[in-house]
1. Would you work out which of B:201, B:243, B:65 lies farthest towards the positive end of the dipole of chain B? Charges go on Cβ: Lys and Arg +1, Asp and Glu -1.
2. Return a whole-number percent for the relative contact order of segment A:105-179, with Cα pairs under 8 Å and 6 or more residues apart as the contact set.
3. Just for the Cα atoms in segment A:125-210, what are the lengths along the principal axes, largest first, rounded to whole Å?
4. Helix by helix, which DSSP H runs in chain A go 15 Å or more along their axis at the Cα atoms and have an average Kyte-Doolittle hydropathy of 1.6 or more?
5. Over the protein assembly as shown, what is the percentage of antiparallel beta bridges among all DSSP beta bridges, to the nearest 5?
6. Taking a probe of 1.4 Å, how large is the accessible area per residue of segment A:145-277, in Å²?
7. With Cβ to Cβ distances under 14 Å as the rule, what net charge do the other residues near residue A:89 carry (K, R +1; D, E -1)?
8. Where does the protein assembly as shown land at 222 nm, in deg cm²/dmol rounded to the nearest 500, when only DSSP H runs of n ≥ 4 count, each adding -39500 (n - 2.57), divided by all residues?
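The values are calculated or read from the model by the stated rules, or taken from the named source; none is laboratory data. Since we're looking at a predicted model, the values are computed, not measured. Positions of Cβ are generated from backbone atoms using ideal geometry, with glycine treated the same way; all protein chains shown enter the neighbour counts. Calculation scope for accessible area: heavy atoms of the full protein, side chains included, ligands and nucleic acids excluded. Shrake-Rupley method; radii C 1.70, N 1.55, O 1.52, S 1.80 Å.
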Amino acid sequence: MTSLPAPPLPDIDKAAGPDLTVVPKRHPVRWLTAAVLLLIGAATLRSVFTNPRFGWDVVNTYLRDISIARGLAVTLELTAVCMLLGVVLGVVLAVMRLSVNPVVRSAAFLYVSFFRGTPVLVQLLFWYNLAALYPTLSFGIPGLSLDANRMITPLVAAILGLGLNEAAYMSEIVRAGILSVEQGQAEAAGALGLTRAQTMRRVILPQAMRVIIPPTGNETIGMLKTTALVSVLAVPDLLYSAQILYSRNFQTIPLLIVASIWYMVVTSILTIGQFYVERRFARGNRTLPPTPLQRLRQMFSTHAPIATGRQP
Amino acid sequence: MTVDGAAADLVPMVRAEKVRKHFGRLEVLKGVDLEVQRGEVVCLIGPSGSGKSTFLRCINHLETVDGGRMWVDGQVMGYEQRGNKLHELGDKEICRRRTQIGMVFQHFNLFPHMTVLENLVEAPRRALKESKDAATERALGLLDQVGLGDKAQAYPRHLSGGQQQRVAIARALCMRPKLMLFDEPTSALDPELVGDVLTVMRDLAASGMTMVVVTHEMGFAREVADRVAFFDAGQVVEVGPAQQVVTAPQHARTKAFLAAVR
Ligand SMILES: Nc1ncnc2c1ncn2[C@@H]1O[C@H](COP(=O)(O)OP(=O)(O)O)[C@@H](O)[C@H]1O
Ligand SMILES: [Mg+2]
């Protein structure tokens with residue numbers, strides 16, 4: 001017998017031969033940590049369902065309440081409209097930030113600084129109270145005179161406040177996306193005779209999407225939750241609807257749980273959607289990120305690091 | 001067009017007249033004079049940083065010139081002459097002129113989010129407003145010509161560097177240019193892939209295409225080019241028949257450069 005370790009085997013299957021069985025490496029630590037976490041989870045769940053003050057029967061009743069459903073609809077609409085405003089204005093601002101004209105560049109820069117530099121709740125209150133600042137709106141058009149109090153309804157104030165604020169953040173995301181595209185791409189497009197607008201639309205932005213999409217998904221999920229702020233303007237969104245209900249029946253915790261459940265349901269759906277949109281825009285650029293099932297299988301079967309899908 | 005028929009044949013395809021260019025305080029082109037006749041292949045050689053790429057990019061107005069004139073096909077590039085004034089052209093008009101000048105880059109610069117075929121038909125469809133069928137038919141023909149007929153549906157990242165560069169040449173040719181510019185088309189390639197690209201360029205030269213090629217491939221310059229221009233420090237130091245400049249250079253700096261690259 002020799003004490004020398006065996007040389008590393010280049011090919012397990014060949015080395016194993018016909019009469020040897022290949023035993024895959026076990027992962028006891030992975031199983032142990034998983035078990036500990038499952039135990040903690042079970043204990044938490046047990047407490048949640050045995051404490052009567054959670055009021056699960058009340059939660060169950062109000063989960064499908066009509067005013068909660070209406071509130072959810074308002075929250076979804078507000079999220080969609082504000083994100084749309086944010087993305088469109090954000091792209092415009094990002095292109096302005098990259099303009100050759102210094103005045104255009106500075107205007108976009110000031111916009112972004114202002115909206116990112118103040119809390120969105122303060123901005124919401126400003127829009128809501130615009131009538132105190134400008135009782136009538138004319139937008140500089142002679143003869144036009146609109147009553148600001150009637151124009152700026154709580155919903156309009158909410159859309160302006162959240163949408164214009166979002167545009168500032170989106171413009172930074174879009175700008176980072178545009179800058180992530182190699183300079184050579186714009187040159188090649190220009191040399192082929194594509195105009196600057198065509199180059200932006202057909203060559204730069206589609207490639208920038210890879211960088212723009214993931215944070216935009218996060219922004220959308222963030223926006224869904226931020227819309228809860230509009231309850232201070234008495235816009236009947238999901239949270240405000242729950243608040244109205246518990247101000248009458250004092251079932252505060254169950255109704256907050258109802259709202260939370262709906263927020264979570266929607267954020268979960270958005271997260272799944274984001275995953276597939278990201279896969280779609282990975283076209284031609286990199287290996288696709290694995291689906292959740294593929295990840296799970298990988299975790300328990302190999303030593304390979306879980307692919308994050310963010311390789312360069 | 002301002003020139004036509006027999007007169008057009010007399011006008012050189014490219015005429016650089018005391019072309020100057022500086023970046024900040026760095027003067028990169030110090031009054032370059034060079035003519036490229038129709039159907040001629042001119043290779044630009046010279047040390048790194050001597051201004052070869054910048055000169056090439058001035059031809060299709062990727063860089064604006066600061067002094068002198070760059071004439072392409074009888075017209076001042078980037079400007080329009082009305083009376084005795086030169087008016088700077090807008091984006092649209094510059095783009096229209098660029099459609100007639102193909103350019104091939106060192107790093108290929110294919111559009112990674114498009115298939116090979118989409119890379120080829122994009123500019124004919126958007127800039128020349130051609131129909132999809134017409135552009136596709138010509139694109140497939142060109143892919144065959146560069147030996148990549150079976151790669152139409154592949155994405156660039158799945159191709160070797162040599163294949164990508166041949167796609168880039170086909171993409172430029174798909175615009176039916178009058179003039180082709182090459183900026184070190186083989187410098188980023190593994191040595192064994194250089195030959196295929198040079199073969200395509202040789203065939204193109206043989207077909208009568210006017211070509212300006214920045215290259216370090218002295219063999220190619222000697223065999224394929226009609227004339228070779230040696231750049232150094234922003235100036236054309238020596239220009240003459242390819243065979244003569246490459247094998248029997250007159251100028252001391254040309255001799256030193258050629259001795260170094262051998
Ligand atoms: N966009 C630019 N801004 C500043 N300097 C540049 C730019 N492009 C090129 N240069 C400089 O101009 C000089 C000539 O460059 P280039 O034309 O690329 O030379 P070559 O192609 O002969 O190697 C180099 O010193 C380079 O650093
Ligand atoms: Mg160069």
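1. B:65
2. Numbers: 52 pairs, mean separation 28.8, N = 75.
Here the relative contact order equals 38 percent.
3. 53, 28, 16
4. Working: long enough: A:28-50 (33 Å, 1.36); A:66-97 (45 Å, 1.96); A:102-117 (22 Å, 0.91); A:154-180 (39 Å, 1.15); A:205-226 (29 Å, 0.20); A:238-249 (17 Å, 0.17); A:252-281 (43 Å, 1.16).
Long hydrophobic helices here: A:66-97.
5. Working: 27 of 44 bridges.
Bridges in the protein assembly as shown that DSSP calls antiparallel: roughly 60 percent.
6. Values: 5720 Å² over 133 residues.
Each residue of segment A:145-277 exposes 43 Å² on average to a 1.4 Å probe.
7. Details: positive: A:97, A:116, A:175; negative: A:166, A:172, A:219.
Net of charged neighbours comes to 0.
8. Working: 24 runs with 310 residues, N = 574.
Theoretical 222 nm ellipticity from helices: -17000 deg cm²/dmol.
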